[in-house]
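Encoded as structure tokens, the structure appears first; notes follow it.
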Amino acid sequence: MQIPRDGKLLRIFIGEADKWKAEPLHEAIVHLARKEGMAGATAVKGFLGFGAKSHMHTTKILRLSEDLPIIIEIVDSDEKISAFLPHLDAMVKEGLITLEKANVIMYRPD
Amino acid sequence: MKWVHLAIGGMAGTFARYAFGGFVQRLFGASFPYGTLIVNLTGCFAVGFFSVISEEKFLLGPNDRIFLMIGFCGAYTTFSTFILETSNLLKSGENLSALCNVMASVLLGFVVLKVGILIGKLI
């Protein structure tokens, strides 16, 4: 599998507690990305952040650590990212999705 | 029967801590464990008050004490979260905040316990 040099970086900002059909949303998105043949997907958990509701989430305070931020990053071709977006539209009820150009320098599976 | 009082008191204390602690924490922000501090201090006040109305005024029977003091106050306050959050402050280099948390929790805890006792004596 190859990613074109002029790829796209898809970033999905959601919460750790978000669900999709009883499954953690971040897991559902990564599993779906794999199923759809995306080049790769990485979920990263943040230790501090706030979103649209301005509720601060932080590991420092136990009561505020329930729904920590998660960012899923996917790099692939424009076409594949565009085909993946409608799935996210259905799955992500609350969060932020961004898309930016990615200059792919290296993608080596081995 | 005492197990029922204990269970219900514990459940009520846990829910109260979750709701009130969360409310206080969101009100004052995420820079300091205000929620746990206020919950523990109000718990100290409550246990001081209940101890007097139980031991000096004889207004609480054995099951009432189990419900209110062991069940509710026991579940409402939290030492483990206090230590965890103090440890988190130290881990992030906020040594002064960690010290303030310990001093406020312990010293003010004694103060509000005494206030609870004094108010209980007035009943």
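The values are calculated or read from the model by the stated rules, or taken from the named source; none is laboratory data. Because the structure is a prediction, the values reported are computed rather than measured. Counting neighbours? That spans all protein chains shown, and the Cβs are built from the backbone with ideal geometry, glycine included. With ligands, DNA and RNA removed, areas are computed over all heavy atoms of the protein, side chains included. Shrake-Rupley method; radii C 1.70, N 1.55, O 1.52, S 1.80 Å.
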(message) Being more than 14 Å from chain A (Cβ to nearest Cβ), hydrophobic (A, V, I, L, M, F, W, C), within 18 Å of the chain's Cα centre (by Cα) and closer than 25 Å to B:LYS114 by Cα narrows it down to one residue among B:PHE49, B:PHE58; which is it?
(response) B:PHE49
(request) Could you please find all residues in region A:8-22 being out of contact with any strand residue (DSSP E or B) (no Cβ under 7 Å at 6 or more places or on another chain) and not acidic (Asp, Glu)? (result) A:ALA17, A:LYS19, A:TRP20, A:LYS21, A:ALA22
(request) Given the conditions (1) open to solvent by 50 Å² or more (accessible area, probe 1.4 Å); (2) outside any loop (DSSP other than H, G, I, E, B); (3) within 29 Å of B:SER80 (Cβ to Cβ), report the number of the one that A:GLU66 does not fulfil. (result) (2)
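Conditions tested, residue by residue: (1) surrounded by 22 or more Cβ atoms within 10 Å (Cβ to Cβ); (2) in a helix (DSSP H, G or I); (3) in contact with a helix residue (DSSP H, G or I) (Cβ under 8 Å, 6 or more places away or on another chain).
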residue	(1), (2), (3)
B:TRP3	no, yes, no
B:GLY13	yes, yes, yes
B:ALA19	no, yes, no
B:GLY22	no, yes, yes
B:GLN25	yes, yes, yes
B:GLY43	yes, yes, yes
B:SER51	no, yes, yes
B:LYS57	no, no, yes
(message) Could you list, ordered by first residue, the pairs with Cβ atoms under 9 Å in which the first is in region B:102-119 and free of Cβ contacts under 8 Å to residues at least 40 places away in the same chain and the second is open to solvent by 50 Å² or more (accessible area, probe 1.4 Å) and assigned to a helix (DSSP H, G or I), at least 6 apart or interchain?
(response) none
(message) Checking A:LYS60 against (1) among the basic types (Lys, Arg); (2) part of a helix (DSSP H, G or I); (3) within 14 Å of chain B (Cβ to nearest Cβ): exactly one of these is not met. Which one?
(response) (2)
(message) I'd like to know if region B:67-89 contains one or more residues that are open to solvent by 60 Å² or more (accessible area, probe 1.4 Å), under 15 Å from A:ILE61 (Cβ atoms) and among the charged types (D, E, K, R).
(response) no
(message) Can you find, within region A:3-14, the residue that is farthest from the chain's Cα centre (by Cα) among those that are at pLDDT 95 or above and farther than 15 Å from A:ALA90 by Cβ?
(response) A:LYS8
(message) Which count do you get for residues in region A:1-10 that are exposed (fewer than 14 other Cβ atoms within 10 Å of the Cβ) and part of a strand (DSSP E or B)?
(response) 1
(request) Report the residue count in region A:11-45 for those that are assigned to a loop (DSSP other than H, G, I, E, B) and surrounded by 15 or more Cβ atoms within 10 Å (Cβ to Cβ). (result) 6
(request) Determine whether region A:70-92 contains at least one residue that is away from chain B (no Cβ under 14 Å), in a loop (DSSP other than H, G, I, E, B), under 13 Å from the mean Cα position of the chain (by Cα) and modelled with pLDDT of 95 or more. (result) yes
